[in-house]
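Asks: This is the structure, below, for whatever I ask next.
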Amino acid sequence: MIRINLLHNTLVRARFATSCVTIRERIQALITSNEQLSRKLISLKAKNEQVRTQWFDMAHPQPTSRLPEDTVPALIWVVDDDQDDQCLLQEALTHLVSPVTARYLSDGDELLPALALATVLPKLILLDLNMQRQGGLETLQALRAASAYQHLPVVVLTTSEAQLDRDKSFQLGADDFLTKPVRQADSVLMLEKLTLDWHLTVN
């Protein structure tokens, strides 16, 4: 009888120990799950705060020192479909002694419509010859045919060194014919000279 009781007690202890282990494992699992939920909540709060910050920045833009384009008219209009050449000129303009603003048109057929909408006309147009939709010579001819723009200075700026292109440009009313510089330093020097020659300053 004593042996039966001892065996029974042993089984009870074993079951109790097993239950305790199971309970501890479940508690640990709950703790782990709670920690994961906490981390997810923290992540969600951080994302929510980021979205709120972005929304606030969009709704309340900070003032910048850059003036609107209509208050600083572009003195030079560059008509060129080559983005690399545009970037070269844009970078060169930042190195001028006196700041000069510029506007960039990507093809010849954009020039006359842009001039018609402009409240302030450019003081100088730099015109490429070789463009996809409308070449520089055709653009120059159309410009000089419009009485409102016959006085605008136009400098043909091209990779061409052909005498025929030079002669034709002057016949159509170009004020000068220049070959595009290869080096940035030469571009800066060219723009400095154009600035002086055409008095490209903000009035």
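The values are calculated or read from the model by the stated rules, or taken from the named source; none is laboratory data. As the structure is a computational prediction, the values presented were derived from the model and not from experiment. Please note: Cβ atoms are built from the backbone with ideal geometry, for glycine as well, and neighbour counts cover all protein chains shown.
Asks: Here are L189, L152: which of them is hydrophobic (A, V, I, L, M, F, W, C), without any contact (Cβ under 8 Å) to a residue 12 or more places away in the chain and either over 17 Å from Y104 (Cβ atoms) or assigned to a loop (DSSP other than H, G, I, E, B) (or both)? Don't jump to the end; show me each part of the working.
Replies: Working: L152 fails: without any contact (Cβ under 8 Å) to a residue 12 or more places away in the chain.
After ruling out the rest, the residue left standing is L189.
Asks: Exactly one condition in (1) closer than 22 Å to T159 by Cα; (2) modelled with pLDDT under 95 is not met by P68; state its number.
Replies: (1)
Asks: Being more than 24 Å from the chain's Cα centre (by Cα) and not in a strand (DSSP E or B) narrows it down to one of L121, L88, L111, L96, so name that one.
Replies: Working: L88 fails: more than 24 Å from the chain's Cα centre (by Cα); L111 fails: more than 24 Å from the chain's Cα centre (by Cα); L96 fails: more than 24 Å from the chain's Cα centre (by Cα).
That would be L121, the only listed residue that is more than 24 Å from the chain's Cα centre (by Cα) and not in a strand (DSSP E or B).
Asks: Is it true that E138 is more than 26 Å from the chain's Cα centre (by Cα), surrounded by fewer than 16 Cβ atoms within 10 Å (Cβ to Cβ) and not in a helix (DSSP H, G or I)?
Replies: Numbers: more than 26 Å from the chain's Cα centre (by Cα): yes; surrounded by fewer than 16 Cβ atoms within 10 Å (Cβ to Cβ): yes; not in a helix (DSSP H, G or I): no.
No.
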